[in-house]
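Report on the following structure.
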Amino acid sequence: LGAAWNVADVTKGSTVVIFGLGTVGLSVAQGAKLRGASRIIGVDNNPQKCENAKSFGITEVVDPNSYKEPIVQVDCSSHYKISNLTFSNILI
């Protein structure tokens, strides 16, 4: 939760992209949801993690194995490339 609150400073209406939907990624998703993010996009190559992530606030999931191009070039559902959504606040 702290990463979404303290590091990225997610604000209401923000779009958040989370790479990796393990314990840390899901915690970031919860924090982003509590902060009012409107889109929370999860990126993981494990289909089970992608499905489970929706209960933690993830609104969209991207499986990099489903695409030939690098993940940063993938268009999300509203036709924004992931790279255009991620460079304002990158959490590692």
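The values are calculated or read from the model by the stated rules, or taken from the named source; none is laboratory data. Because the structure is a prediction, the values reported are computed rather than measured. Cβ: placed from backbone, ideal geometry, glycine included. Neighbour counts: every protein chain shown. Just so you know, the surface numbers come from the protein's heavy atoms only, side chains and all, with ligands and any DNA or RNA stripped out. Shrake-Rupley method; radii C 1.70, N 1.55, O 1.52, S 1.80 Å.
Structure above, values below:
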{"read-out": "Hz values of 3J(HN,Hα) by residue in the range 23-29 - Karplus curve (6.51, -1.76, 1.60), Gly and Pro given as x", "value": "4, 5, x, 5, 5, 4, 4"}
{"read-out": "Burial ranking of peptide ranges 59-68, 11-20 (average Cβ count within 10 Å, highest at the top)", "value": "11-20, 59-68"}
{"read-out": "Dimensions in Å of the range 2-66 - Rg and Dmax from alpha carbons", "value": "10.7, 33"}
{"read-out": "The range 48-53 - phi-based ³J(HN,Hα) in whole Hz, Karplus 6.51/-1.76/1.60, Gly and Pro as x", "value": "5, 5, 4, 5, 5, 5"}
{"read-out": "Accessible surface, per residue, of the range 2-66 when the full set of protein chains is kept, probe 1.4 Å, Å²", "value": "52"}
{"read-out": "Protection proxy ranking of 46-54, 34-42 - average other beta-carbon atoms within 10 Å, highest first", "value": "34-42, 46-54"}
